[in-house]
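Taking it in order: structure first as structure tokens, then the write-up.
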Amino acid sequence: MDDIDNQNLELQLMLEAIHLKYGYDFRNYAKASVKRRIQHRMTKEKMANFSEMQHKLLYDVSFFERLLLDLSINVTEMFRDPTFYMALRKFVIPELRKHPFIKIWHAGCSTGEEVYSMAILLKEEGLYDQTQIYATDMNEVALKKAKDGIFDIGKLKQYTKNYQKSGGQSAFSDYYSAHYEHVVVDKSLKKNILFSDHNLATDGVFGEMNLILCRNVLIYFNRDLQNRVVGLFYDSLCPDGILCLGSKESLSFSKYTNAFDDVVKEEKIYRRLDSELI
Amino acid sequence: MNWFQAVVIGASAGGIKALSTVLSALPKEFPLPIIIVQHLYPHSSSRLAQILQKQSHLKIKEADEKEVIKNSVIYIAPPNYHLLIEEDRTFSLSVEGPVNYSRPSVDVLFETAALAYKSRLIGMILTGANNDGNFGVKQIKRRGGYLIIQDPETAEADSMPKAAIAAAKVNKILPIKQIGPYLLQLVNRSKKGPNI
Ligand SMILES: C[S@@+](CC[C@H](N)C(=O)[O-])C[C@H]1O[C@@H](n2cnc3c(N)ncnc32)[C@H](O)[C@@H]1O
């Protein structure tokens, strides 16, 4: 056994320990990223090996919380992938319009930028008032930021550009108030959004959604966990409900590939099919 | 059977031309996968594979998440994502923040490739105006991999190859024109075993 094998064994034990002690289940995440993040944390903390880290993890909750932040990669943007939002406007909004009341779930919403982008889009399309948005993440620190709706002013330029490219119909500045170092999203965008804690690896369905967005989350999971989560989405969607994934994610290799139809293939927008067809 | 099982390449400023030179020297039967991080502007579209395809006999494609890495295929990291290699020799992608101001980052690819391929890996650093790849070449060396660095004299931007040479004991420093032919020779020679 070489040191890589030993390290893999230690990693497996550590993920097991995290699961038993704290309930977070990283055992079915794609290994390379988890390992890299843990390794960098280990170097930063000047620890000799994963076993030493495991000990600290078990006895020091604040250390675990730090590691949790390392493992949940929260990088996000407003109107990330403008062409995706363009496609939403063009192909998904008309479907949503058919419903008197709309339910949307953002799974893995991180600090909320994606959710507020959706809120803006719905407002411009005149659908916001009849929509309830559920935005969930496993990371409570990120969720807290999302609820506050406060963003770093340094990113404003990029967000404004994204918004314009995504087919935005007003001035982006209508949706926030700028302060010294940050911007605060407009209160009216928040009123139909419910942020809550939900772990895709361990928690259950969210009922009767018309639209689910889960972007740039599945890339961190292995195939088994991806299948579990897509199954969860299938069961949470109403008939004909729509599922949107990140631009580098797809259902092509999923167990559920035949349970969904393409709406806009290049943008990873799918429609749930009737269960008899699976 | 080849001793080596994969080639990873990192390039930045001036890289498209340098990559074209290296890749055009390789025949259709080149037996290993080649995995490339070329720094791009964050919001650029993914045309790199098409551009390089014109210069190469080998099939070139953007790497997909969970894709199984195949021999004789050239994979490019998609713009705005880090490309990682799993120990089962499949790809993973990540949107974590830039590493060395770069996403994709050479370090992220090299670091994970070193764990997946250990001494069966050839790492290559070409032209670039930063020092991404520095940590990665050390990891490749630590696992017994082989390093080829573009001669900084022949590089459009010399800081990336210079930094790599300073960071690790590299096996070979070569002018850009000789890298492709040397790589081919090295890989063919390695059929006899690791003693190269
Ligand atoms: C890269 S962010 C994606 C944010 C946003 N959807 C976007 O595309 O910009 C990934 C998010 O997934 C969350 N996440 C990771 N594993 C999760 C799980 N098992 N359950 C719920 N959220 C998870 C992380 O906490 C993080 O906020």
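The values are calculated or read from the model by the stated rules, or taken from the named source; none is laboratory data. Just so it is clear, the structure is predicted and the values come from calculations on it, not from any experiment. FYI the Cβ positions are ideal-geometry reconstructions off the backbone, even for glycines, and counts take in every protein chain you see. Just so you know, the surface numbers come from the protein's heavy atoms only, side chains and all, with ligands and any DNA or RNA stripped out. Shrake-Rupley method; radii C 1.70, N 1.55, O 1.52, S 1.80 Å.
For this structure, a couple of remarks:
- Qualifying residue in segment B:62-80 (condition: over 26 Å from A:Phe79 (Cβ atoms), at pLDDT below 95 and more than 13 Å from every other protein chain (Cβ to nearest Cβ)): no
- Residue within segment B:113-129 that is β-branched (Val, Ile, Thr) and within 11 Å of chain A (Cβ to nearest Cβ) present: no
- All conditions but one from (1) hydrophobic (A, V, I, L, M, F, W, C); (2) over 30 Å from A:Tyr116 (Cα atoms); (3) at pLDDT below 95 apply to A:Leu13; the one that does not is (3).
- Test set (1) among the hydrophobic types (A, V, I, L, M, F, W, C); (2) under 26 Å from A:Tyr29 (Cβ atoms); (3) open to solvent by 60 Å² or more (accessible area, probe 1.4 Å) - A:Phe101 fails condition number: (2)
- Test: residue in segment B:94-107 that is farther than 16 Å from B:Ala6 by Cα, more than 11 Å from chain A (Cβ to nearest Cβ), more than 16 Å from the chain's Cα centre (by Cα) and assigned to a loop (DSSP other than H, G, I, E, B): yes
- Of the residues making up segment B:81-90, those that are open to solvent by less than 10 Å² (accessible area, probe 1.4 Å) and either facing chain A (nearest Cβ under 7 Å) or touching a Lys or Arg at 6+ places or on another chain (Cβ under 7 Å) (or both) are B:His82, B:Leu84, B:Ile85.
- Of all the listed residues (A:Cys244, A:Cys238), the sole one being open to solvent by less than 30 Å² (accessible area, probe 1.4 Å), more than 14 Å from chain B (Cβ to nearest Cβ) and within 15 Å of the ligand (Cβ to nearest atom) is A:Cys244.
- Spans of helices (runs of 4 or more DSSP H) in segment A:14-118 with at least 2 residues within 16 Å of the ligand (Cβ to nearest atom) and touching a residue at least 60 places away in the same chain (Cβ under 8 Å): A:31-44, A:61-71, A:82-87
- Sole residue being within 14 Å of the ligand (Cβ to nearest atom), in a loop (DSSP other than H, G, I, E, B) and either within 14 Å of chain B (Cβ to nearest Cβ) or in contact with a strand residue (DSSP E or B) (Cβ under 8 Å, 6 or more places away or on another chain) (or both), chosen from A:Phe206, A:Phe151: A:Phe206
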